[in-house]
Amino acid sequence: QQLIEYRSGGRLSLTETGRALAQPPEMPLNTEELHTRVLERLPGPERKILRALLEVYPKALSHADLAERSGYSDGGGAFNNPKGRLRSLGLIEYPTKGMAAARSILFLGHGR
């Protein structure tokens with residue numbers, strides 16, 4: 001059974017089965033707790049890259065700066081592949097060519 005489905009614009013959403021299995025948090029999250037929960041579910045490379053973008057939000061970083069801040073070489077697969085996965089997961093965006101930013105959904109009270 002599928003728990004998530006792809007929507008237009010590269011977005012993901014829960015299927016009816018996914019919604020039925022989803023467990024909302026017992027108490028409301030704050031932004032710091034949301035970051036902790038998201039980061040602990042990511043593999044190391046994705047975690048390093050996302051953490052670097054969370055630290056500078058709402059600013060975007062050039063791919064070169066992001067690579068440096070997260071300990072990678074810009075342009076290599078060890079950097080580009082996890083960066084691409086974060087974008088596919090809807091956690092980061094590329095606001096302009098050559099730039100990456102954390103998405104506002106990771107900051108409670110900042111809209112979508």
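The values are calculated or read from the model by the stated rules, or taken from the named source; none is laboratory data. Remember, predicted model here, so these are calculated numbers, not experimental data. Cβ sites come from the backbone with ideal geometry, for glycine too, and all protein chains shown count toward neighbours. When the accessible area is computed, the model is the full protein with side chains, heavy atoms only, and any ligands, DNA or RNA have been set aside. Shrake-Rupley method; radii C 1.70, N 1.55, O 1.52, S 1.80 Å.
Relative to the compact globular guide of 2.2 N^0.38 Å, what is the alpha carbon radius of gyration of region 7-112, as a ratio?
Against the compact-globule rule of thumb, the ratio is 1.11.
When Lys and Arg each count +1 and Asp and Glu each count -1, what net charge do the other residues less than 11 Å away from Ser70, Cβ to Cβ, add up to?
0
How big is the accessible area of Arg37 in square angstrom, nearest 10, if you roll a 1.4 angstrom probe over the protein chains?
Around 90 Å² of this residue is reachable by solvent.
Could you calculate the FRET efficiency of Glu40 with Glu93 from 1/(1 + (r/R0)^6), where r is the beta carbon distance between them and R0 is 22 Å, rounded to 0.05?
Working: r = 22 Å, r/R0 = 1.00.
That pair, Glu40 with Glu93, gives E of 0.50.
Which aspartates and glutamates have a Cα less than 14 Å from the Cα of Lys59, not counting those fewer than 8 places away in the same chain?
The reachable aspartates and glutamates, counting only those whose Cα sits under 14 Å from Lys59, are Glu93.
Would you tally the net charge around Gly18, using a Cβ to Cβ cut-off of less than 15 Å, leaving Gly18 out, and scoring K and R as +1, D and E as -1? Display every interim value, and only then the final one.
Numbers: positive: Arg7, Arg11, Arg19; negative: Glu5, Glu16.
Counting the neighbours of Gly18, the net charge comes to +1.
If r is the Cβ-Cβ distance from Asn81 to Arg7 and R0 is 25 Å, what FRET efficiency results, to the nearest 0.05?
Between Asn81 and Arg7 the formula returns 0.65.
Between Leu14 and Arg51, take the C-beta separation as r, use R0 = 22 Å, and let me know the FRET efficiency to the nearest 0.05.
Taking R0 as 22 Å, the efficiency between Leu14 and Arg51 is 0.30.
Enter the accessible area per residue of the chain (Å², integer; probe 1.4 Å; all protein chains in place).
Computed with neighbouring chains in place, this is 68 Å² per residue.
Compute the acute angle (0 to 90°) between the alpha-carbon long axis of helix 44-56 and the principal axis of greatest extent of the alpha-carbon atoms of the chain; round to the nearest 10°.
With rounding to tens, the tilt is 80 degrees.
Using only Cα atoms, locate the centre of region 70-112 and the centre of region 13-47, then give the distance between them in Å, rounded to an integer.
Using only Cα atoms to place each centre, the spacing works out to 17 Å.
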